[in-house]
Amino acid sequence: MIGRKTTVSRSLLGLVLLLLLAGLILAACGDATSAPPTATPLPPTPTASPSPTPKPAVKGDLTVWSWGTAAQGLQANVAGFNRKYPDVKVKLETLDRLDLYDKFTTGLTAGGVGLPDVVTLETERLEGITTKFPEGLANLTERAGIYEKDFDPVRWAKSDLKSRVRAMPWDVAPAGLFYRTDLFQRAGIDPASIETWDDFITAGKKIQAAFPGVKMLALDPAKDDVLFRLILGQQGAYYFNKDGKISLSSPAALNAMTIIQKLKAANLVLTVNGSGELAAAKNGLVAAQPSGSWWGGMLSQAAPELSGKWDMMLLPAVTKGGNRASSLGGMTLAISSKTKNIEAAWAFIEYNLATTEGQTTIFKTAGILPAFLPTYTDPAFTASQPYFNNKSIWKTFLNELPQVASPTYNTDNQLGQAASLNALADVFKGSDPQTALVKAAEELKAKTGRDLEIEPTETVKS
């Protein structure tokens, strides 16, 4: 569940985004699809804080760690950054996401040995890292504080830990269902008919009948519980509730795992390793893929030959008429407290994440939706996308944001994910969802000392 303060903040954000989008559309073509009138006064449109003034004294070498399309977005900004800061030499190292965390944790454990100046970190990892290594990340409060009003309030709150800003929010990461328009059409599937996950399974059976070698989606049950988290998020749930209790044996968790079991039983899941879901999409092995908005940028770069054959819709709901919004991921940029060049490191973060120029370049390069709100005055966010069936998929994602619940992160997130992966593995081996989840919840309780939201003696009802 979301607290009242978070809900209000997210509602205001939704009004702001709707105002921006409506203004852009009306100015461009007088489209009649702008937001309906409301009696609620709209808040003022966020305006960008003044662009940082170049500081001649900022110079030296800078090492940055990132992964995937995030690294590509940062690389695209190096030229613009160097126009403002010509005396800073940026060395961008692209690592596998999980390898980056292993390497970064090893460096923190060694007291900062071998760490970069700037590092990409997912929002859900921040609290665990800053709790285990309280002085591992530089305190950005004084530098970043002036930009708070310009950022998505939910993402900002996740970076502001114990009244200290430990990282700069990067993106908002709403989720959706990407699908192959050509395969759906040939299988006789109307995308609008998919309102629930049961509808999705029904559509998957039609895909199987028309294309025997094609699955409905790809999952890596050994390393990532993407679908489980997405469906939890639709229900306002996560591994832990707002009181810190373990939610793996809750009704929301049972709903999510039962849906996954149904997909597996219907033979609609392609099991892959690591980033294999992208290869599966490129090679025509799947007809759809639920993921975060950033996956659209990854897909269009990995498979340009499929332009026009993909589209996106909101996730199917757990029950008819239920919430179809969720999120997946969300990144930040942080600075190692051991950096010898904090001014250059901060200038790099500021240019990339707190200027419209930097964030727009990243978006146009990598399809990463910014948490920096003034960026949304750019018409690129409402433009039709030739790759995605000439639909304005980014507008769809942005309209979804007010309905996205804010996950409850804490210091045990990684243990929570490990427990959910154990439950997922058991379900893939044939265990029933409730047994697998109760077992995982008890194991997590033993490791963390946290109470369960639903005790094993209670009946879990979907």
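The values are calculated or read from the model by the stated rules, or taken from the named source; none is laboratory data. Bear in mind that the values here come from a model prediction, so they are computed numbers and not experimental data. All Cβ positions, even for glycine, are placed from backbone atoms using ideal geometry, and neighbour counts span all protein chains on display.
Considering the range 208-223 alone, what residues qualify as being without any contact (Cβ under 8 Å) to a residue 24 or more places away in the chain and assigned to a loop (DSSP other than H, G, I, E, B)? If you could, list the steps in order and put the result at the bottom.
Applying the first criterion (without any contact (Cβ under 8 Å) to a residue 24 or more places away in the chain) to the range 208-223 yields 209, 212.
Listed by number, the list holds a single entry, PRO212.
Given the criteria within 30 Å of ASP220 (Cα to Cα), among the small types (Gly, Ala, Ser) and either surrounded by fewer than 21 Cβ atoms within 10 Å (Cβ to Cβ) or touching a residue at least 24 places away in the same chain (Cβ under 8 Å) (or both), does GLY68 qualify?
Working: within 30 Å of ASP220 (Cα to Cα): yes; among the small types (Gly, Ala, Ser): yes; either surrounded by fewer than 21 Cβ atoms within 10 Å (Cβ to Cβ) or touching a residue at least 24 places away in the same chain (Cβ under 8 Å) (or both): yes.
Yes: the conditions hold for GLY68.
Taking the criterion of being over 30 Å from ILE207 (Cβ atoms), in contact (Cβ under 8 Å) with a residue 40 or more places away in the chain and among the aromatic types (Phe, Trp, Tyr), would at least one residue in the range 161-172 satisfy it? First the steps, then the outcome.
The initial filter retains those residues of the range 161-172 that are over 30 Å from ILE207 (Cβ atoms), namely 161-172.
Next cut, in contact (Cβ under 8 Å) with a residue 40 or more places away in the chain only: 166-172.
Checking which are among the aromatic types (Phe, Trp, Tyr) leaves us with 170.
Yes, there is a match, as at least one residue in the range 161-172 is over 30 Å from ILE207 (Cβ atoms), in contact (Cβ under 8 Å) with a residue 40 or more places away in the chain and among the aromatic types (Phe, Trp, Tyr).
Tally the residues that are within 22 Å of GLU343 (Cβ to Cβ) and surrounded by 20 or more Cβ atoms within 10 Å (Cβ to Cβ), restricting the search to the range 109-129.
7
Report, by residue number, each residue of the range 171-200 that is of a type in the set (A, V, I, L, M), surrounded by fewer than 17 Cβ atoms within 10 Å (Cβ to Cβ) and within 24 Å of THR258 (Cβ to Cβ).
The answer is none; no residue qualifies.
Answer yes or no: is there a residue in the range 290-303 that is in a helix (DSSP H, G or I), surrounded by fewer than 18 Cβ atoms within 10 Å (Cβ to Cβ) and polar (S, T, N, Q).
Scanning the range 290-303, I find at least one residue that is in a helix (DSSP H, G or I), surrounded by fewer than 18 Cβ atoms within 10 Å (Cβ to Cβ) and polar (S, T, N, Q), so the answer is yes.
The rows are residues; the columns are (1) surrounded by 18 or more Cβ atoms within 10 Å (Cβ to Cβ); (2) part of a helix (DSSP H, G or I).
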residue: ARG229; (1), (2): yes, yes
residue: LEU232; (1), (2): yes, yes
residue: ALA237; (1), (2): yes, no
residue: ASP243; (1), (2): no, no
residue: ASN255; (1), (2): yes, yes
residue: ILE259; (1), (2): yes, yes
residue: GLU277; (1), (2): yes, yes
residue: GLY284; (1), (2): no, no
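Checking ALA203 against (1) outside any loop (DSSP other than H, G, I, E, B); (2) surrounded by 20 or more Cβ atoms within 10 Å (Cβ to Cβ); (3) touching a residue at least 24 places away in the same chain (Cβ under 8 Å), which single condition isn't satisfied?
Unmet condition: (3).
Give the residues of the range 79-108 that are buried (at least 19 other Cβ atoms within 10 Å of the Cβ) and of a type in the set (A, V, I, L, M), sorted by residue number.
VAL88, VAL90, LEU95, LEU100, LEU108 - these are the residues of the range 79-108 that are buried (at least 19 other Cβ atoms within 10 Å of the Cβ) and of a type in the set (A, V, I, L, M).
Show me the helices (runs of 4 or more DSSP H) entirely contained within the range 335-420 in which 3 or more residues are farther than 29 Å from THR131 by Cβ.
Those helices (runs of 4 or more DSSP H) span 356-366, 393-400.
Of the conditions (1) touching a helix residue (DSSP H, G or I) at 6+ places or on another chain (Cβ under 9 Å); (2) over 26 Å from GLN75 (Cβ atoms), SER159 fails just one. Which one is it?
(2)
In the range 304-327, how many residues are among the acidic types (Asp, Glu) and not in a strand (DSSP E or B)?
Residues in the range 304-327 being among the acidic types (Asp, Glu) and not in a strand (DSSP E or B): 1 in total.
Within the range 67-82, is even one residue in the same structural domain as LEU333 (by TED's automatic domain parsing), over 25 Å from LYS132 (Cα atoms), modelled with pLDDT under 95 and in contact with a helix residue (DSSP H, G or I) (Cβ under 7 Å, 6 or more places away or on another chain)?
Scanning the range 67-82 turns up at least one residue that is in the same structural domain as LEU333 (by TED's automatic domain parsing), over 25 Å from LYS132 (Cα atoms), modelled with pLDDT under 95 and in contact with a helix residue (DSSP H, G or I) (Cβ under 7 Å, 6 or more places away or on another chain).
Inspect the range 341-354 for any residue being surrounded by fewer than 22 Cβ atoms within 10 Å (Cβ to Cβ), more than 19 Å from VAL404 (Cβ to Cβ), free of Cβ contacts under 8 Å to residues at least 60 places away in the same chain and out of contact with any Leu (no Cβ under 7 Å at 6 or more places or on another chain) and give the result as yes or no.
no
What is the residue count in the range 375-411 for residues that are small (Gly, Ala, Ser) and in contact with a Gly (Cβ under 9 Å, 6 or more places away or on another chain)? Before the answer, list the steps.
Taking the range 375-411 first, the residues small (Gly, Ala, Ser) are 380, 383-384, 392, 405-406.
In the following step, the residues that additionally are in contact with a Gly (Cβ under 9 Å, 6 or more places away or on another chain) were identified as 405-406.
Summing the residues that are small (Gly, Ala, Ser) and in contact with a Gly (Cβ under 9 Å, 6 or more places away or on another chain) in the range 375-411 gives 2.
Would you call ALA209 outside the structural domain of LYS262 (by TED's automatic domain parsing) and modelled with pLDDT of 95 or more?
The answer is no for ALA209.
Kindly establish whether GLU442 is crowded, with 21+ Cβ neighbours inside 10 Å, out of contact with any Asp or Glu (no Cβ under 6 Å at 6 or more places or on another chain) and of a type in the set (Asp, Glu).
Criteria not met by GLU442.
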